[in-house]
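Trainee: Dumping the structure here so I can ask a few things about it.
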Amino acid sequence: MLGLPDGIRACLFDMDGVLTRTATVHMAAWKRTFDEYLRASDPQAPLFTQLDYNRYVDGKPRADGVRDFLASRGITLPEGSPDDPASAATVHGIGRRKNELLLAELAENGVEVYPGSMAYLRAARDAGLATAVVTASANGEQVVAAGGFADLIDARVDGVVTAREGLRGKPAPDTFLAGARALGVEPAEAAVFEDALAGVEAGRAGAFGLVVGVDRVGQAEALRAHGADVVVTDLDQLLDGGAR
Ligand SMILES: [Mg+2]
């Protein structure tokens with residue numbers, strides 16, 4: 001009924017783009033941040049694209065996203081420190097600028113959830129499965145609360161937990177493994193739900209029972225290539241048995 005193999009006892013959900021419609025808000029905040037930075041040094045520089053976001057940024061800890069995208073353009077910046085102001089030309093300064101834009105947008109427009117994902121989350125709970133949110137976002141707690149589904153989640157591994165426990169971010173499997181541990185299940189007993197290439201890679205690397213790729217931006221093939229066992233465009237397709 002949930003479209004999962006026998007033996008799955010827990011669901012590990014990425015947040016932005018899987019449960020909440022916030023991946024687009026992240027993309028817009030990154031685009032503004034990177035475009036301003038790129039154009040300040042070279043008015044002819046190609047601007048940040050959706051493909052850049054999918055390949056280099058989505059799903060990763062903020063500083064890794066800054067570093068990996070800039071490296072793709074041959075740019076290396078000093079790391080700086082997490083206290084750097086948003087104006088600093090450092091990895092952490094650029095990350096702060098993006099986060100300020102993101103938080104302003106979320107404060108203004110709130111957090112929208114995917115109705116199909118909420119239906120799936122409820123169905124999973126009703127079937128007795130344990131649930132966790134596993135996200136690189138440092139705003140995980142606030143976004144889950146603003147989305148109104150905190151009571152459907154048994155555990156949360158977010159950017160704050162990741163930093164505190166010294167875990168490696170996606171595409172390393174560490175955060176999903178921590179989610180499985182928090183729910184008391186083995187990786188083979190957990191299904192991973194991810195919309196990011198780095199996220200499905202993490203799912204494959206952790207040898208989870210099933211990796212579900214959630215394709216919100218037309219990258220089904222890339223999700224499969226990076227580790228998704230099945231790809232859906234919305235989680236309620238699994239309820240209908242419609243996974244491809
Ligand atoms: Mg995501």
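The values are calculated or read from the model by the stated rules, or taken from the named source; none is laboratory data. All values derive from a computational prediction rather than experimental measurement. Ideal geometry is used to build each Cβ from the backbone, glycine not excepted, and the neighbour counts take in all protein chains shown. Each accessible area value is taken on the protein alone, full model and side chains, heavy atoms only, with ligands, DNA and RNA left out. Shrake-Rupley method; radii C 1.70, N 1.55, O 1.52, S 1.80 Å.
Trainee: Looking at segment 9-23, which of the residues that are surrounded by fewer than 24 Cβ atoms within 10 Å (Cβ to Cβ) and closer than 15 Å to residue 233 by Cβ is modelled with the lowest pLDDT?
Mentor: Quick first cut of segment 9-23, residues surrounded by fewer than 24 Cβ atoms within 10 Å (Cβ to Cβ) only: 9, 21, 23.
Still in the list and also closer than 15 Å to residue 233 by Cβ: 21, 23.
On the way: 21: 93, 23: 90.
Applying the filter and picking the extreme gives 23.
Trainee: Please name all residue pairs, on different chains or six or more residues apart, with Cβ atoms under 7 Å, provided the first residue is in segment 106-130 and is of a type outside the set (D, E, K, R) and the second residue is in a strand (DSSP E or B) and open to solvent by less than 80 Å² (accessible area, probe 1.4 Å).
Mentor: Between residues of segment 106-130 that are of a type outside the set (D, E, K, R) and residues that are in a strand (DSSP E or B) and open to solvent by less than 80 Å² (accessible area, probe 1.4 Å), the close pairs are 111/20; 113/20; 121/131; 124/11; 124/131; 129/10; 129/11; 130/10.
Trainee: Can you confirm whether segment 116-124 contains a residue that is more than 21 Å from residue 6 (Cα to Cα), within 16 Å of the ligand (Cβ to nearest atom) and part of a loop (DSSP other than H, G, I, E, B)?
Mentor: Within segment 116-124, not a single residue is more than 21 Å from residue 6 (Cα to Cα), within 16 Å of the ligand (Cβ to nearest atom) and part of a loop (DSSP other than H, G, I, E, B).
Trainee: Right, here's the next one. Look at segment 1-49 and say how many of its residues are free of Cβ contacts under 8 Å to residues at least 40 places away in the same chain, under 22 Å from the mean Cα position of the chain (by Cα) and within 30 Å of residue 185 (Cα to Cα).
Mentor: Total satisfying the criteria: 0.
Trainee: Additional query: Keeping to segment 12-56, report how many residues are among the basic types (Lys, Arg) and in contact with a strand residue (DSSP E or B) (Cβ under 9 Å, 6 or more places away or on another chain). Let's see the steps before the verdict.
Mentor: As a first pass, look at segment 12-56 and keep what is among the basic types (Lys, Arg): 21, 31-32, 39, 55.
Filter once more, so that each one left must be in contact with a strand residue (DSSP E or B) (Cβ under 9 Å, 6 or more places away or on another chain): 21.
Looking only at that region, the number is 1.
Trainee: Among 87, 72, 81, which is exposed (fewer than 15 other Cβ atoms within 10 Å of the Cβ) and under 26 Å from residue 200 (Cα atoms)? I'd like the intermediate steps shown before the answer.
Mentor: Values: 87 fails: under 26 Å from residue 200 (Cα atoms); 81 fails: under 26 Å from residue 200 (Cα atoms).
Criteria check complete, one pass: 72.
Trainee: Just one of the numbered conditions (1) aliphatic (A, V, I, L, M); (2) away from the ligand (no atom under 15 Å from the Cβ); (3) touching a helix residue (DSSP H, G or I) at 6+ places or on another chain (Cβ under 7 Å); (4) open to solvent by less than 30 Å² (accessible area, probe 1.4 Å) is not true of residue 47; which one?
Mentor: If we test residue 47 against (1) aliphatic (A, V, I, L, M); (2) away from the ligand (no atom under 15 Å from the Cβ); (3) touching a helix residue (DSSP H, G or I) at 6+ places or on another chain (Cβ under 7 Å); (4) open to solvent by less than 30 Å² (accessible area, probe 1.4 Å), just (4) comes out false.
Trainee: Residues to consider are 168, 216, 156, 164; find the one that is touching a strand residue (DSSP E or B) at 6+ places or on another chain (Cβ under 7 Å) and charged (D, E, K, R). If you could, list the steps in order and put the result at the bottom.
Mentor: Values: 168 fails: touching a strand residue (DSSP E or B) at 6+ places or on another chain (Cβ under 7 Å); 216 fails: touching a strand residue (DSSP E or B) at 6+ places or on another chain (Cβ under 7 Å); 164 fails: touching a strand residue (DSSP E or B) at 6+ places or on another chain (Cβ under 7 Å).
Sole residue among the options that is touching a strand residue (DSSP E or B) at 6+ places or on another chain (Cβ under 7 Å) and charged (D, E, K, R): 156.
Trainee: What do you reckon, is residue 198 touching a helix residue (DSSP H, G or I) at 6+ places or on another chain (Cβ under 9 Å), more than 14 Å from the ligand (Cβ to nearest atom) and on the phi < 0 side of the Ramachandran plot? Let's see the steps before the verdict.
Mentor: On the way: touching a helix residue (DSSP H, G or I) at 6+ places or on another chain (Cβ under 9 Å): yes; more than 14 Å from the ligand (Cβ to nearest atom): no; on the phi < 0 side of the Ramachandran plot: yes.
Judged against the criteria, residue 198 is not a match.
Trainee: Looking at segment 54-64, can you tell me whether even one residue there is β-branched (Val, Ile, Thr), open to solvent by less than 30 Å² (accessible area, probe 1.4 Å), outside the structural domain of residue 218 (by TED's automatic domain parsing) and within 16 Å of the ligand (Cβ to nearest atom)? Don't jump to the end; show me each part of the working.
Mentor: Here is the first cut: in segment 54-64, the residues β-branched (Val, Ile, Thr) are 57.
So of that shortlist, the ones also open to solvent by less than 30 Å² (accessible area, probe 1.4 Å) come out as 57.
This time we only want the ones that are outside the structural domain of residue 218 (by TED's automatic domain parsing), so: 57.
Filter again for within 16 Å of the ligand (Cβ to nearest atom), leaving 57.
Yes - at least one qualifying residue is present in segment 54-64.
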